[in-house]
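Here is the structure we will look at, set down as structure tokens.
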Amino acid sequence: MKTKDKKSIIILTVLALILITSFLFIGVNSVNFKYALYRRIPKIYAMILTGAAIGFSSLIFQTVTNNRILTPSILGIDSLYVLLQTTIVFLLGSSSAIISNGNINFIITIVSMLLFSSLIYKFIFKKGSKNIFTLLLVGVVCGTLFESLTTFMQVLIDPVEFQVVQDKMQASFNNINTDLLFVSSILLTVVAFRSMRQN
């Protein structure tokens with residue numbers, strides 16, 4: 001790593017720590033100290049974990065594709081997530097336990113996306129082919145298909161239930177599920193360790 005890059009990382013790290021500290025303690029007094037930290041620390045941790053996951057996945061993906069512009073979203077995984085949430089609401093309704101229970105929803109979503117990814121990789125690379133461009137093209141096609149199916153179902157569902165789907169489509173750090181933070185941390189650590197061992 002170049003000296004200039006190291007300095008930039010150090011500066012950004014110090015700036016991030018200053019901003020985090022400011023967010024944690026601005027407006028905090030002896031009365032609301034515990035409540036404020038109870039609400040703010042999970043938000044900070046969730047933002048750090050999300051940023052680390054996005055950055056790590058993008059780094060791995062760009063290294064594999066040898067392209068600094070492409071991101072993992074080109075494979076259509078994010079479109080699959082929206083399709084899954086829309087399908088659940090379309091078939092079972094917004095009152096379904098799969099929607100209302102964040103832990104169950106998380107498990108089903110993760111398993112479904114892992115199965116989809118595994119099937120694509122097995123289908124494309126089953127004959128020993130290592131053509132990454134085929135994978136990208138299939139990802140684009142699947143992403144477009146998922147978006148079309150999602151739009152079709154969203155037009156048909158009840159407007160009230162569409163609000164539930166919209167809520168699932170947008171990330172929010174206001175209500176953090178701490179159980180999922182713990183599980184996500186373990187999964188990210190395992191994946192990162194496994195990837196570094198492969199290299």
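Rule-based calculations on the coordinates, nothing more; no lab input. A quick note: this is a predicted structure, and the numbers were derived from the prediction, not measured. Neighbour counts run over all protein chains shown; Cβ positions are idealised from the backbone, glycine included.
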Between the stretch 177-199 and the stretch 107-176, the alpha-carbon center distance in angstrom
21
Applying 1/(1 + (r/R0)^6) with R0 = 30 Å to the Cβ-Cβ distance of ILE108 and LEU12, what FRET efficiency is obtained, to the nearest 0.05?
0.25
Estimated FRET transfer efficiency when R0 is 41 angstrom, pair LEU115-LYS34 (beta carbons, to 0.05):
0.45
Using a simple spin-label model with points 7 Å from Cα along the Cα→Cβ vector, what separation in nm is obtained for SER22 and ALA53?
2.7
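Determine the relative contact order of the chain: mean sequence separation of Cα pairs under 8 Å and six or more apart, normalised by residue count, in whole percent.
Contact order relative to length: 28 percent.
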Label zone at THR63 (point 7 Å along Cα-to-Cβ), backbone N below 19 Å, the stretch 172-199
187-199
The answer for GLY76, listing residues at least 5 apart or on another chain whose modeled amide H is closer than 5 Å to its amide H, is none
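Run lengths n ≥ 4 of DSSP H only: what is the helix-derived mean residue ellipticity at 222 nm for the chain, with -39500 (n - 2.57) per run over all residues, to the nearest 500? Spell out each step's value before the answer.
On the way: 8 runs with 157 residues, N = 199.
Using -39500 (n - 2.57) per qualifying helix, the result is -27000 deg cm²/dmol.
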Please work out the FRET efficiency for the pair ASP179 and ILE132, using the Cβ-Cβ distance as r and a Förster radius of 25 Å; give the result to the nearest 0.05.
0.10
Once you order the gyration tensor axes a ≥ b ≥ c over the Cα atoms, which shape class does the stretch 15-59 get: rounded for a/c under 1.5, otherwise prolate or oblate by comparing a/b with b/c?
oblate
Quick one: grab the alpha carbon gyration tensor of the chain, order the square roots of its eigenvalues as a ≥ b ≥ c, and give me rounded if a/c is under 1.5, else prolate or oblate depending on whether a/b is larger than b/c.
oblate
